[in-house]
Amino acid sequence: MARYTGPVCRLCRAEQKKLMLKGDRCKSDKCPINKKRSAPGKDPKARAGKRSDYGIQLREKQKLKRIYGMQEKQFSLFFERALRMPGITGENLFVLLERRLDNVVYRLRFAVSRSQARQLVLHGHVLINNKGVNVPSYLVKPEDMIEVKGPSKNLVVVKEALKEFGKSGVMPWLHLDPDAMKGKFLTAPRRSDITDLTDIKEQMIVELYSK
């Protein structure tokens, strides 16, 4: 399945939730969710009907997949890997998603959105342990050092994105030196640590894939 290239605000409207796909715009008054616009579609009456259990589970999966900017096949592979890991499958899935390099670059405030972080990785602007890595789905390990490549530290988009560090800091499983544009992945997070996604019901996603 090809990557979605349409207006991303439409995805937020479909889920009736801010998926934080456009960085600062999502925090502004321009966000369509703030205007309480309805979900996209031609038939409001059809959308108003009660959803089935399958429909509710599907929406949870779509929300999580879209938040992390993944395609269906890739998301399914991550779920299968989480299923093979010891422990609770839903929590394992979140840990794997948070370890993705594009997500870590976003969490370290090098980018204002995960899609922008993905572009930084793809274009070779990011180093892990002093080695270039241009694979967004690369899984970062505890104690890995992630930094912006030397010449890329002059990028305006990175400098602008780092301003958020002064306002919000970084997640507790990360450490950042904003002046050096270098961060460290301290440890894999627990599900309870991912406080900005507490409304995602991962058990429904597990039930969906178990059918």
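The table below lists the values:
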{"quantity": "Residues that are over 12 Å from the mean Cα position of the chain (by Cα) and surrounded by 14 or more Cβ atoms within 10 Å (Cβ to Cβ), drawn from region 109-135", "calculated": "ARG109, PHE110, GLN119, LEU120, VAL121, HIS125, VAL126, LEU127, ILE128, VAL133"}
{"quantity": "Conditions (1) without any contact (Cβ under 8 Å) to a residue 24 or more places away in the chain; (2) touching a Ser or Thr at 6+ places or on another chain (Cβ under 8 Å); (3) acidic (Asp, Glu): number failed by GLU80", "calculated": "(2)"}
{"quantity": "Count of region 154-211 residues which are loosely packed, with under 13 Cβ neighbours inside 10 Å, of a type in the set (A, V, I, L, M) and in a helix (DSSP H, G or I)", "calculated": "1"}
{"quantity": "Among (1) buried (at least 23 other Cβ atoms within 10 Å of the Cβ); (2) farther than 17 Å from ILE200 by Cβ, the one test that ALA82 misses", "calculated": "(2)"}
{"quantity": "Selection count where residues are of a type in the set (Lys, Arg), on the phi < 0 side of the Ramachandran plot and in contact (Cβ under 8 Å) with a residue 60 or more places away in the chain, scope region 93-118", "calculated": "3"}
{"quantity": "Meets criteria (buried (at least 20 other Cβ atoms within 10 Å of the Cβ) and under 13 Å from the mean Cα position of the chain (by Cα)) for PHE94", "calculated": "yes"}
{"quantity": "Filtered residues of region 66-106 (kept if basic (Lys, Arg) and either touching a Gly at 6+ places or on another chain (Cβ under 8 Å) or closer than 25 Å to LYS184 by Cα (or both))", "calculated": "ARG81, ARG99, ARG100"}
{"quantity": "Single residue of region 136-153 satisfying the filter (over 18 Å from the mean Cα position of the chain (by Cα) and either assigned to a helix (DSSP H, G or I) or of a type in the set (Val, Ile, Thr) (or both)) that is surrounded by the fewest Cβ atoms within 10 Å (Cβ to Cβ)", "calculated": "PRO151"}
{"quantity": "Members of region 179-195 that are in contact (Cβ under 8 Å) with a residue 40 or more places away in the chain and out of contact with any Gly (no Cβ under 8 Å at 6 or more places or on another chain)", "calculated": "MET181, GLY183, LYS184, PHE185, LEU186, THR187, ALA188, PRO189, ARG190, ILE194"}
{"quantity": "Helices (runs of 4 or more DSSP H) fully within region 54-127 counting 3 or more residues that are touching a helix residue (DSSP H, G or I) at 6+ places or on another chain (Cβ under 7 Å) and under 25 Å from HIS175 (Cβ atoms)", "calculated": "89-99, 101-107, 114-122"}
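Each value in this text was obtained by applying a stated rule to the coordinates, not by laboratory testing. Owing to the predicted nature of the structure, the values given are computational and were not obtained by experimental measurement. Ideal geometry is used to build each Cβ from the backbone, glycine not excepted, and the neighbour counts take in all protein chains shown.
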